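Let me begin by handing over the structure; questions about it come next.
The values are calculated or read from the model by the stated rules, or taken from the named source; none is laboratory data. These numbers were taken from a predicted model, which means no experiment stands behind them. All Cβ positions, glycine included, derive from the backbone under ideal geometry; neighbour counts span all protein chains shown.
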Amino acid sequence: MCLVEDIPLLLRTFFRFVYYFMPSKIGLCAHLFLDEILKSIRLEFIKINKELERRAVRDLVNLNQQEIYSMLCRTDELTLHHSDLVSLATDFNKLYDIVTISSMITWLVSVIDAVYVLMHNLWVETTITITALVFTAVNILIYFLWFSLMVRMYSSTQNEANQTAEFVHDVWNRYHKKINVDLKTVRSLELISLRLLNHKLHFTARNFFKLDETFCHLMVAAVATYVVILFQF
């Protein structure tokens, strides 16, 4: 039977590199590329929110009916653009569903292994070198940086997209209070506001788990649970 000690040192080093670094680097590069795409979409959401926010606080006293109608039409155009962006972000997320699921499985297994090795070397092993400890700690840091990047890009894009409904609702409230505004126009704006409030952007991985801050809590709890189980055996 072939033992680990029987494998040449160079080959063992290659195996460690493939096991510890290659999966994380592939997943990290994939999510870095997706982050650039979502960043462009997120900037469009920010532009829409800023314009809607300006309209929500604008004084309506000196505006005539035609100007108000023009502003309402522009608000309708912004919400349509928002809907297109939500569909685009959802489509890109679907393209990366399998990549995200496989990456998170790799992340969970690798982090559990790395944390267990680090704790075992610190508390049990007496002949461990500083180089091995630094190597393991840096490896864990890379994994958590990758995970934080993924959660941040999803949650920030999702928050910006869902904030638009609040600004549209504020615009609707201000125009609704103005007496000489056409009720049909205000009613259409109300329906747009309700549609945005009821159809928010949510990122998931094939509906297995949500890609937001709650997923961060779930993964940290899973790592802690399995590390404790490993230390019991």
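Out of all the residues in the stretch 175-233, which are assigned to a loop (DSSP other than H, G, I, E, B) and either within 19 Å of Ile112 (Cα to Cα) or modelled with pLDDT under 75 (or both)?
Lys178, Ile179, Asn180, Val181, Asp182, Gln232, Phe233
A further question follows. Out of the stretch 66-103, which residues are hydroxyl-bearing (Ser, Thr, Tyr) and either surrounded by fewer than 14 Cβ atoms within 10 Å (Cβ to Cβ) or under 15 Å from Leu211 (Cβ atoms) (or both)?
Across the stretch 66-103, the qualifying residues are Ser70, Ser87, Thr90, Tyr96, Thr100, Ser102, Ser103.
Any residue in the stretch 70-85 that is more than 19 Å from Ser40 (Cβ to Cβ) and at pLDDT 85 or above sitting within a Cβ distance under 9 Å of a residue that is in a helix (DSSP H, G or I) and of a type in the set (Ser, Thr, Tyr)? List the pairs, counting only those 6 or more apart or interchain.
Going by the 9 Å Cβ cut-off, the qualifying pairs are Thr79/Thr164; Thr79/Ser193.
If you take the residues in the stretch 118-162 that are in a helix (DSSP H, G or I), at pLDDT below 85 and among the hydroxyl-bearing types (Ser, Thr, Tyr), which one is nearest to the chain's Cα centre (by Cα)?
Thr136
A further question on this structure: What number of residues within the stretch 185-230 satisfy the criterion of being within 30 Å of Leu72 (Cα to Cα), among the charged types (D, E, K, R) and exposed (fewer than 13 other Cβ atoms within 10 Å of the Cβ)?
1
Just the residues that are hydrophobic (A, V, I, L, M, F, W, C) and buried (at least 16 other Cβ atoms within 10 Å of the Cβ), please, taken from the stretch 105-134.
Trp107, Leu108, Val111, Ile112, Ala114, Val115, Val117, Leu118
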